[in-house]
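The values are calculated or read from the model by the stated rules, or taken from the named source; none is laboratory data. Everything numeric in this text was worked out from a predicted model, so none of it was measured. All Cβ positions, glycine included, derive from the backbone under ideal geometry; neighbour counts span all protein chains shown.
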Amino acid sequence: MKEFEEHKHRLKNETMDTMHREFLDIYNGADIESTESLKRHLQRLYSHTVNHFAEEEQMMEEIDYPNKREHTNEHKKVLSEMEYFLKMEPTLFGRNMLRGYYSQILPDWFDRHLLSMDSDLVSYLTKAKGVLNAD
Ligand SMILES: [Fe+2]
Ligand SMILES: [Fe+2]
């Protein structure tokens, strides 16, 4: 179970905050003991994340964001990791890997990505909006 923590995860951008809340809502629906449930939820997270990333990349495009390439590359990396785990054979090894990914790697990534790349994007967006409003 991973809660949305206001002080930590809220970036004060409504679109992004909503997507991040939804991500955790889906994430928390999985039963960690069930491979079938993990796969089903990972599949939902994947579909949600494709849209989530597309929205962010659209925002980057609009403000000519200087760190677009790094940010987009990390998005691509995460989607291919998800694809890898979705395709993984359900051997004992595969099931353990999937459980480790879902319970450790994915939530750690979520925190790290929000606190670094997404929060940087929000601060640029805020600045860009200020400039637009000043015109
Ligand atoms: Fe995000
Ligand atoms: Fe992002």
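General observations
- First in region 24-41 and under 16 Å from Phe85 (Cβ atoms), second anywhere and among the acidic types (Asp, Glu), Cβ under 7 Å, 6 or more apart: Ser37/Asp31
- Single unsatisfied condition, Met97 versus (1) more than 25 Å from Glu5 (Cα to Cα); (2) touching a residue at least 24 places away in the same chain (Cβ under 8 Å); (3) not small (Gly, Ala, Ser): (2)
- The combined condition, being at pLDDT 95 or above, touching a Phe, Trp or Tyr at 6+ places or on another chain (Cβ under 8 Å) and part of a helix (DSSP H, G or I), is fulfilled by Leu106.
- Residues of region 1-28 that are surrounded by 13 or more Cβ atoms within 10 Å (Cβ to Cβ), more than 11 Å from ligand 1 (Cβ to nearest atom) and not in a helix (DSSP H, G or I): Lys2, Phe4, Arg10.
- Some residue of region 102-116 being among the aromatic types (Phe, Trp, Tyr), within 12 Å of ligand 2 (Cβ to nearest atom) and in contact with a helix residue (DSSP H, G or I) (Cβ under 8 Å, 6 or more places away or on another chain): yes
- Residue count for region 34-72, restricted to those that are in a helix (DSSP H, G or I) and within 11 Å of ligand 2 (Cβ to nearest atom): 13
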